[in-house]
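The values are calculated or read from the model by the stated rules, or taken from the named source; none is laboratory data. Quick caveat: nothing in here was measured; it's all calculated off a predicted structure. Using ideal geometry, Cβ is built from the backbone for each residue, glycine included, and neighbour counts are taken over all protein chains shown. Keep in mind that these areas ignore ligands, DNA and RNA; they rest on the heavy atoms of the full protein, side chains included. Shrake-Rupley method; radii C 1.70, N 1.55, O 1.52, S 1.80 Å.
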Amino acid sequence: MGEIKLTPREKEALAKLEHEVLRKAVDKAIDNESLNELYSLGLSDCGAFVSLQYGAFQRAMANHKKSKAPKKWAETHDYLRRAGNNLTNALDQMHRRLKQEEEEGQLFRVDDDIYYRGYVGRHMNVTVRYQWRKAGDDDWNHGSITFDHIAEDRPDYAAPAPKRKLSAAKQREEQEEKLRREWEFLMRGALYSVQAYFREGRDGAAIPKTFRAKVDGYHRTLNNYSTNFWLERS
């Protein structure tokens, strides 16, 4: 799934593509007003951030090629150059992330292969499995933590009122979609919380087996701190 970690395909693509290779290809693409130099670099496999900036560069190129008047050409050329810089900077950032993951992987690993089961009820949970060790030559320890959450069963008054009354089937569909989004928020929060815990150098043996997610005191919903299981115990 690659929610918090790079996938093997992304790691391979990043390892193959060096900053200087991309920089020269971007410069040549701008000079020739052509994307041909970039097609063979595997940019779409280098992670979501690089793919996003690659798409922005492609759009900037298309817009620039339409420019005819000198003033407009200069404006789109400047924008294209900035889009190219953003693309190379994105690759640099992903290279740093790859290095960080490799270094962290010597001491802890968080399994982010967690998938939506197709349906969840109001009482939902997410189990995160992990491994850790104190030194690179130690044996791995294994553990897991299950995050529980009970979704509020009340209308969303912040949402716009429907123009006409929804059918029972449509109401069930919207409720299921709302619960799915809430489960995904819980899942992401759980993964990032366990990752943050280990990044702070904390002991995996102290992670509890279960944790009830803390909801916002006013809205009774999940927030970015709901799954920080160690805060109340620090």
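Subtracting the Cα-Cα distance of Leu166 and Lys65 from their residue separation scaled by 0.36 nm leaves 31.5 nm.
Within the shell defined by Cβ-Cβ distances under 15 Å, the residues around Asn141 carry a net charge of +1, with Lys and Arg each +1 and Asp and Glu each -1. Taking 7 Å steps out from each Cα toward its Cβ at Tyr225 and Ala205 produces label points 3.0 nm apart.
Within the assembled protein chains, the solvent-accessible surface assigned to Leu179 is about 10 Å², based on a 1.4 Å probe. Taking a straight Cα-Cα cut-off under 15 Å and skipping sequence neighbours fewer than 8 places away in the same chain, the aspartates and glutamates within cross-link reach of Lys65 are Asp31, Glu33, Glu75, Asp78.
Distance between the 7 Å Cα→Cβ label points at Lys72 and Leu52: 3.0 nm. Work out the FRET efficiency for Ser144 and His123 from their Cβ-Cβ distance, taking R0 = 22 Å, and round it to the nearest 0.05. With a Förster radius of 22 Å, E is 0.70.
These residues, Glu20, Glu173, go from largest to smallest accessible area, 1.4 Å probe, as Glu173, Glu20. Inter-label distance, Glu18 to Arg97: 2.3 nm, where each label sits 7 Å from its Cα along the C-beta direction.
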